[in-house]
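Heads up: the structure comes next, in structure tokens.
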Amino acid sequence: MPGIFPNSVYNARNPMPFSGEVLRAACWSLLLLLEASTALAGDWQTPAGQLAQKIAAITGPGAVAVTVLNRSSLTSAETEEIRGKLLSELASFGVEAVASDQAAAMVEVSLSENLDNYLWVAEIHQGTSVPVVEMIAVAGRPGGTAERSSTPLTIHESLLWSDQDRILDVAVVNGNPPNMIVLQSERIALFRLKNGQWQQEQALSLAHVRPWPRDLRGRLMLAKDHLIDAYLPGVYCRSTQTPSLSVVCDDSDDPWPLTGGQGDLSAFFSAARNFFTGALSPGIQKNTTAPPFFSAASLPRDKYTLWVFAAVDGHLHFLDGMTDQALTEQSWGSDIVSVRSRCGSGWQILATANKPGPTDEVTAYEIPDREPIPVSLPAKFDGPITTLWADSDSSAVIAVSRSSATGQYEAYRLSIDCLH
């Protein structure tokens with residue numbers, strides 16, 4: 001294939017009626033409670049004072065460098081407001097905010113959240129001493145401040161290839177003509193588009209000593225200095241060009257890339273099972289491990305990346321570099337992946353459904369406040385989804401389904417379209 005393939009082609013009723021005065025009193029009480037709750041959610045002075053007191057008790061009066069990072073659904077304006085109030089409260093305790101090269105102590109404040117409250121975490125560094133962590137919970141419903149997406153989306157499906165043998169992953173190489181690489185259990189097949197049809201040009205055998213696990217998974221990555229890398233349980237394969245295109249496979253426990261980009265977060269795959277162990281490389285800042293998981297998706301934020309893990313325990317885990325928050329009640333299956341689009345917030349998560357039956361479906365979600373919100377109708381598949389991986393630039397997703405009608409494995413390219 002010219003330029004690409006050389007030389008080849010988952011309460012009792014109250015019987016007494018309320019009087020009008022009692023009803024009015026109850027309504028006024030409810031109104032006052034609602035107003036108080038709203039005021040508390042937006043009143044950052046009190047929690048800023050509480051956290052400042054905790055920080056000052058550790059650092060004492062003096063020069064301190066303070067950094068505030070927003071890892072929550074708070075807006076930039078709210079973050080700046082909190083930062084200003086925190087610095088003001090620190091000053092009242094004799095703590096002066098200065099540049100890092102002039103500071104006797106360093107304080108990093110992370111504004112995070114769980115499903116019920118905001119969490120403000122201060123990590124305090126003084127000299128060579130072990131860092132001290134102080135935390136406060138700030139009452140208020142995080143979901144109340146998030147700006148939810150109102151842009152409806154649709155998932156566009158394009159069938160790439162079907163085969164009786166299991167398809168583990170597919171990569172499409174844009175060119176003239178386009179080329180396609182298909183990873184299967186015993187081979188890597190290379191195709192070129194001719195007259196609107198994919199035609200096989202070459203098949204490269206995959207050498208492995210140990211038998212594959214029953215529920216086999218694999219990952220195909222386009223490389224920069226060679227054509228492809230392939231990751232399989234306990235095996236790593238790399239293409240070579242000496243003199244013609246071939247593949248060399250070796251036993252390996254190297255971590256698998258979790259996204260379509262080389263050099264992003266990777267994780268170690270269990271060679272005898274079908275899930276990741278939870279060990280991450282290089283880690284998500286202070287989160288060096290995750291619970292054992294089937295799949296993961298990343299959502300870039302302004303100053304950090306939120307990672308979502310479909311864990312083996314059936315829960316979703318949200319890791320932001322500081323905290324690990326679990327969502328136990330959700331309808332997602334074990335396969336999730338993030339996709340970049342021009343719709344909504346710009347990034348969505350595609351997730352399979354958690355329901356029994358011979359069919360499957362994939363739905364797009366956004367997560368503005370740690371609560372997934374569906375933003376598309378489900379894309380339906382005539383069989384269970386066995387593979388869900390992002391392509392090389394995360395602009396599309398490869399989904400493989402095994403048809404309940406034919407038994408064939410069918411590889412689709414999924415992308416996001418905006419509905420106006």
For this session: Using the structure shown, decide if P372 is surrounded by fewer than 19 Cβ atoms within 10 Å (Cβ to Cβ) and either at pLDDT below 90 or not basic (K, R) (or both).
Result: no
For this session: Return yes or no: is V133 surrounded by fewer than 21 Cβ atoms within 10 Å (Cβ to Cβ), in contact with a Ser or Thr (Cβ under 6 Å, 6 or more places away or on another chain), at pLDDT below 90 and not assigned by TED's automatic domain parsing to the domain that holds D393?
Result: no
Problem set entry | Residues of the range 168-210 classified as out of contact with any Lys or Arg (no Cβ under 9 Å at 6 or more places or on another chain), among the β-branched types (V, I, T) and either surrounded by 13 or more Cβ atoms within 10 Å (Cβ to Cβ) or part of a strand (DSSP E or B) (or both), total | 4
Exercise. Mind checking which residues of the range 363-420 are of a type in the set (F, W, Y) and within 20 Å of R217 (Cα to Cα)?
Worked result: F381, W389, Y409, Y412
Exercise. D225 passes all but one of (1) touching a Lys or Arg at 6+ places or on another chain (Cβ under 9 Å); (2) in a loop (DSSP other than H, G, I, E, B); (3) closer than 25 Å to V172 by Cα; which number fails?
Worked result: (1)
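Table: residues versus (1) at pLDDT 95 or above; (2) more than 13 Å from L319 (Cα to Cα).
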residue	(1), (2)
L232	yes, yes
Q241	no, yes
A279	yes, yes
P282	no, yes
P300	no, no
Y304	no, no
Problem set entry | Sole exception among (1) at pLDDT below 95; (2) more than 30 Å from P372 (Cα to Cα); (3) buried (at least 17 other Cβ atoms within 10 Å of the Cβ); (4) under 34 Å from the mean Cα position of the chain (by Cα) for I55, by number | (1)
Exercise. Any chance the range 241-258 includes a residue that's β-branched (V, I, T) and under 21 Å from V337 (Cβ atoms)?
Worked result: no
For this session: Exactly one condition in (1) at negative phi; (2) of a type in the set (G, A, S); (3) over 12 Å from the mean Cα position of the chain (by Cα) is not met by G283; state its number.
Result: (1)
For this session: Inspect the range 367-377 for any residue being within 15 Å of the chain's Cα centre (by Cα), in the same structural domain as L232 (by TED's automatic domain parsing) and of a type in the set (A, V, I, L, M, F, W, C) and give the result as yes or no.
Result: yes
Problem set entry | Residues (small (G, A, S) and under 22 Å from R71 (Cα atoms)) located in the range 342-386 | G344, S345, G346
Problem set entry | Matching residues, the range 59-77, being surrounded by fewer than 17 Cβ atoms within 10 Å (Cβ to Cβ) and part of a helix (DSSP H, G or I) | S76, A77
Exercise. Looking at (1) surrounded by 15 or more Cβ atoms within 10 Å (Cβ to Cβ); (2) under 22 Å from the mean Cα position of the chain (by Cα); (3) at pLDDT 80 or above; (4) not aromatic (F, W, Y), which is the one condition that is false for H156?
Worked result: (1)
For this session: Could you list all residues from the range 247-266 that are over 17 Å from the mean Cα position of the chain (by Cα) and either in a loop (DSSP other than H, G, I, E, B) or surrounded by fewer than 16 Cβ atoms within 10 Å (Cβ to Cβ) (or both)?
Result: V248, D250, D251, S252, D253, D254, P255
For this session: Exactly one condition in (1) touching a Lys or Arg at 6+ places or on another chain (Cβ under 8 Å); (2) small (G, A, S); (3) surrounded by fewer than 16 Cβ atoms within 10 Å (Cβ to Cβ); (4) on the phi > 0 side of the Ramachandran plot is not met by S395; state its number.
Result: (4)
Seminar exercise, completed: Scanning the range 103-121 for residues that are crowded, with 16+ Cβ neighbours inside 10 Å and either among the aromatic types (F, W, Y) or at pLDDT 90 or above (or both) gives A103, A105, M106, V107, E108, V109, Y118, W120
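The values are calculated or read from the model by the stated rules, or taken from the named source; none is laboratory data. As the structure is a prediction and not an experimental result, all values here were calculated from the model. Here Cβ is always computed from backbone atoms with ideal geometry, including for glycine, and neighbour counts include all displayed protein chains.
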